[in-house]
Every structure is written in structure tokens, then in C-alpha cells.
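Let me begin by presenting the structure, written as C-alpha cells, before commenting on it.
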Amino acid sequence: MGFDFVRLTVDPGPLLATEGAFREEALSILASAVRTVTASGLKVVFNLHGVSQIPRYGMEMIYGGSGSEGVATYRAMVTDVAAMLVDVGTENVALEPYNEPAYYPCDDSGTGDWQQIMADTVADIRAISTRLTVIATGACGGSITGLTDLDPSFDDPNLLYSFHMYEPHSFTHQRAEDPENFSAGLPWPSSAGNLDLALETLRAHMDAAGVNLARKARNMIMFQATAAQYFLEGWGQTQLEARIGEAVDWAQDNDIAESRLFMGEFGTILMTPDGRMGAFNADRLRYLAAVRQQAETYGFAWSVWEYSNPYGMSVILPIGPAMPDTQMLHSLGLPPAQ
């Protein structure tokens, strides 16, 4: 497909739930997986990607503050992973120890503790290796705001700095909390449509699905508020450049090369056949191309979410056999799949 690395997301739960020989066995399995990928010619960003199915071993364990037992346990696990990756070979791997950490609100009162956790974790890894590439992230869900709150006083030449780009969320994640409701069809850029057209489109989807009048009315009220705000904000190329520009400005202010930024995730839900959720494909492709081009303007790496996803945020087609989504690849500036 044209990619040169994979961001390999790994649930840290099984590692946190084991120790001694059992953890070594788990690490051996992971090392074998990484070697399989690197043998194909791809590099690997090894991302410890906490989930919440088992809260004891999810990201919740690191939210007790920098001095908490949960953070200490997690950091000890990270050092074991770092040692495993060093054995695999530092020239082909990078370690991303956290994914979208919370620590809200998005200011010093919420992210100050995260500053200490990230600095301590980098120090732990550097005690294992100074050559292993480490990807640091800010708090606040790994957003641009979280990154710009970070003080990179722990910086070294083998550090990259991550942020995720799902803005505006009202466009990229068009999905109602209630699965019976509809939320879809906002355009990109917002100037490509208007509020009345968005409401008319959603109403047509609900009519086609046979939604009853009461549910339709409730859904329209909820969607109208979101859509009105989206059009009021006027999201488009100018806002996109300004938002990503905040990360670039942060790097420049801290004497960090722009090429050491890493847009670790971006993507957009694709509209389902019934129009219940997502963006029209043409709008999705325009957004993906615009975000990718901004990253490439400044020369930093990007990773799209993801290989396979039930919401169509994937580089393979969401329905049918695992075939490349050639239109999406084209929007990402990649050659057609062979």
C-alpha cells in the first residue's frame, strides 16, 4: 500500500497482569511479532495502548497521580518492554509508552501531574537505552492542547512528540450516543454545505429507514445543535492550518525540529449505507488529504487510524473481503495497491 512503518497497538493488560517467567513469555511473543513485521521491511512504532475492558489493567491505573502505585507499576512494565525492543534492534523500532492519556482539564491544574509522569517514564527508558526512539505525548487525550502544555525539559535527539488529530470532532466522529439515532452528513469543509442542507439530508436518511415521528423529532433537535455549532465555527482549511500550526509553533518555541513531531492518529468515520453515522466518502477523503498534506508541509510523520475498523476508519474496505481502499490511499498520497 505504500506505508513504511506500522503503529502496532498493544494492550498492556497482559503484561501488567504477569511477572517473572510469565511476563518474559509475553515479551517473547511480542518480540517475535515485531520481528515478523520488521522482516517485511516495515518499521514499528510499538504503542502501549491501554483499554478499559479490565479496569485494573486499563489506563485508569495511571490516573492516581505521578506518585501513585499504579504509575510505578506501569513504569516498571514499560522498562521491561524497552529492554525487549532494544534486543529486537533500535534501528527499526520506536516505543510509544502511552496512548491518549487523560489528565483533564487541559491546563496546568490538570496536566501538571502528567508532566512528571512523562518525564519519569522517559528517564526510565533512557536508563535502558539512549538509542531507542521514544515517542512522548501530552495529556488531555493526547491532543494538540496536551502537547503544547508539555514542557520538553527531558528532551533528547531520539525523542519524537505525538499528537492526535480528530478535530473538529463533530466532523470526524459523526455518531450518535444512542445507536438508534442518526448523526451523519456534515460536509468538509463546512463551506461546502449549510445547516439547512445538512438537516434535509439527515431527515431523508431517517425517512428511508422508517424512523417514527417521535424519534425523528428528538434526533433532529440533537443533531441540529451539533450541526449549527459546526457551521458557526466555519471549519475548513484555515482552521486546520491554525490548529496544527499550534503544534508546530510549540516545537519551534522549544528548539525542536518540526520533523520530530508525530501525528500518531487521524481519521474520519465513513458513512454507513443507511446513513446512520459518518461522513460522505468525498468529504472524508477531502479531510484526510488536507490533514495529511499539513503534516507533510512540515515534514513530520503521520499514522492513520487504522488498518481495520468497524466504522470505516480503515485503509481496507469496511465491507467484504480485506481489500485496500484505493480512494483512501490516494487521499493519503500513497500509490495504488498492486
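The values are calculated or read from the model by the stated rules, or taken from the named source; none is laboratory data. Only a predicted model underlies this, so the values are computations on that prediction, with no experimental measurement involved. Ideal geometry is used to build each Cβ from the backbone, glycine not excepted, and the neighbour counts take in all protein chains shown. Remember, those area values only see protein heavy atoms, side chains included, never the ligands or the DNA or RNA. Shrake-Rupley method; radii C 1.70, N 1.55, O 1.52, S 1.80 Å.
For segment 34-61, residues that are under 19 Å from Thr90 (Cα atoms) and either surrounded by 13 or more Cβ atoms within 10 Å (Cβ to Cβ) or under 21 Å from the mean Cα position of the chain (by Cα) (or both) total 11. Filter segment 62-108 for residues that are in contact (Cβ under 8 Å) with a residue 60 or more places away in the chain and within 25 Å of Gly20 (Cβ to Cβ); which is surrounded by the fewest Cβ atoms within 10 Å (Cβ to Cβ)? Filtering first and then ranking leaves Asp80.
Flag not set for Ala227, criterion: crowded, with 22+ Cβ neighbours inside 10 Å, closer than 19 Å to Gly146 by Cα and modelled with pLDDT of 95 or more. Taking every residue in segment 11-24 that is open to solvent by 50 Å² or more (accessible area, probe 1.4 Å) and pairing it with any residue that is among the acidic types (Asp, Glu) and in a helix (DSSP H, G or I), at least 6 positions away or on another chain, the pairs with Cβ-Cβ distances below 9 Å are Glu24/Asp80. Does Thr201 qualify as being open to solvent by 20 Å² or more (accessible area, probe 1.4 Å), of a type outside the set (Asp, Glu) and either in contact (Cβ under 8 Å) with a residue 12 or more places away in the chain or farther than 25 Å from Val304 by Cβ (or both)? Here the answer is yes, as Thr201 does meet what is asked. State whether the residues of segment 254-269 include one that is part of a helix (DSSP H, G or I) and exposed (fewer than 14 other Cβ atoms within 10 Å of the Cβ). Yes, that holds for at least one residue. Does at least one position in segment 246-253 carry a residue that is of a type in the set (S, T, N, Q) and in contact (Cβ under 8 Å) with a residue 12 or more places away in the chain? Checked against the condition, which is being of a type in the set (S, T, N, Q) and in contact (Cβ under 8 Å) with a residue 12 or more places away in the chain, segment 246-253 yields no hits at all.
Quick one: is Ala289 aliphatic (A, V, I, L, M) and over 29 Å from Ala251 (Cα atoms)?
Taking the combined requirement at face value, the residue does not satisfy it.
Looking for something under 25 Å from Val248 (Cβ atoms) and among the small types (Gly, Ala, Ser) - is there at least one such residue anywhere in segment 312-324? Within segment 312-324, none of the residues are under 25 Å from Val248 (Cβ atoms) and among the small types (Gly, Ala, Ser).
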